[in-house]
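Each value in this text was obtained by applying a stated rule to the coordinates, not by laboratory testing. Keep in mind it's a predicted model, so treat the numbers as computed, not measured. As a convention, Cβ positions derive from the backbone with ideal geometry for all residues, glycine included, and neighbour counts pool all protein chains shown.
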Amino acid sequence: MFENLSEKLQRALKSLRGEGKLTAENMEAGLREIRVALLEADVHFKVVKQLIDGIKEKALGQEVLTALSPGQQVVKILRDEMVKILGTHQSKLRMANEPPTVIFMVGLQGSGKTTSTAKLAKWLVKNGRTPVLVSVDVYRPAARQQLAVLARDLKIPVFAGPEGENRPLELARGARREAMQTGRDTVMVDTAGRLHIDDELMAELSELKDALTPAEILFVADAMTGQDAVKSADEFHKRLGITGIVLTKMDGDARGGAALSIRQVTGQPLKFVGTGEKPDALEPFHPERVVSRILGMGDVLSLIEKVEENIDQKKAEEMQRKLLEDDFTLSDFRDQLTQLRKIGSLESLMEMMPKVGIFKELQKQKVDEKELTRVVAIIDSMTPRERANHMIINGSRRRRIAKGSGTTVQDVNNLLKQYGEARKMMKSISGGLMGMGAGGGKLGAMLGKRMGKFKMPPFPGKW
């Protein structure tokens, strides 16, 4: 996400490098490019004006800090202003003083409301809550069944109501009673949507709000609709009083205009973003991390959190031991790929890396996720003895492995070459880290030197 905006902003900031002082003359060209980049990213014009005015006020006439070049100074100012617009800190979900907490999911039809309801429920479970779901969309065919199917796959209960009940208010009240009787602490209400905002929809939502007094009314919007999403959110807030926003399909939004505009226009925080189709592809929105990602600084904190959530610590320690003892087999290589894929797509992981050094080069690579499946298939077609000792894989064995995995001998050769280079690289880095001891001050230089020389070995096929 934000690929286009990120690329254009970084290009705009280059024009300010090499100057000794930020002046009106050398700032104007850079600010013009930043303004154009934001407008082309579909950022609301009022937000663009506020951002540019803020940068100009803080940057013009300032002596460059001794540790920073003018370009770096503007990057810092731009970052601070963007964080201010997006919200200076993560806005967490509000919970009722006495359970159950009621959360409304509202929005237009087709925005991803039902899917987001299930995703948020899964996130709540992961964070220690016990939700029950209810759909009060009695108009759209199979809407309630859709939520039931999603919840069943996630093993989260859904309140269906009595046979034939089709009154939204009674369904919502029934779900709250069910939560109180079964000890569930959260009721998530998937409300009806429309193709456009109308009085009938708002009257129904207002009635539900008055009866259930929800702790959160989350407006679900499709990020790819850009300023249409912003306008809809603003209208819902004026007529209903939303408390937060969930932006879906952020993984497909290269511009980012809705994300950068919606809080400033509505006055309500962006709380979650949908980043894919999987049930766990919903992330809390961290303004400062998103801004760092847009400006090419990476999002290492989110990457670390993803790793901690998905990587088995014991397996990681065992892998380190194997690397140090030169006992890293093809089975271990396959397990590493499997664990890596649990974290997310490789492209999403690369987005979180700073756009400097080796990581900048890696982000230029286009990764076909199907190729990873092919790599695993090749290794699975080997015998246990072959996986333990790749040196015994001769020509006839390679032909058999290729046939068994539905690949070519060249694919097998490429994999074995890649595996050999990966072994050398990981052993080199692990050995260097272990040999550092208490000399942590040299760690960055040592890693930079090693990684700077390393070229990513190609995956079979397109990488």
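Laid out as a table, the results:
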{"read-out": "Shape category assigned to region 123-178 from the gyration tensor of Cα positions, a/c cut at 1.5", "value": "oblate"}
{"read-out": "Net charge contributed by nearby residues that have their C-beta within less than 12 Å of Asp234 (K/R +1, D/E -1)", "value": "+3"}
{"read-out": "Charge context of Val265, other residues only, Cβ under 13 angstrom, K/R +1, D/E -1", "value": "+1"}
{"read-out": "Translational D in µm²/s for region 152-213 (Stokes-Einstein at 4 °C, 1.567 mPa s, Kirkwood Rh from C-alpha pairs)", "value": "99"}
{"read-out": "Vicinal HN-Hα couplings computed from phi for region 112-126 (Karplus, 6.51 cos²θ - 1.76 cosθ + 1.60; Hz; Gly/Pro x)", "value": "x, 5, 5, 4, 5, 4, 5, 4, 5, 4, 4, 4, 5, 4, 4"}
{"read-out": "Beta bridge orientation in region 101-293: antiparallel %, DSSP, nearest 5", "value": "10"}
{"read-out": "FRET efficiency, 1/(1 + (r/R0)^6) with R0 45 Å, evaluated for Ala96 and Lys424 via beta carbons", "value": "0.20"}
{"read-out": "Ranking of Ser331, Ser135, Ser111 by count of other Cβ atoms within 10 Å, fewest first", "value": "Ser331, Ser111, Ser135"}
{"read-out": "DSSP bridge pairs, region 216-293: antiparallel proportion in percent, nearest 5", "value": "25"}
{"read-out": "Listed residue pairs exceeding 32 Å between alpha carbons, taken from Lys209/Lys231; Lys46/Lys278; Lys84/Lys231; Lys8/Lys58; Lys58/Lys271; Lys92/Lys155", "value": "Lys46/Lys278"}
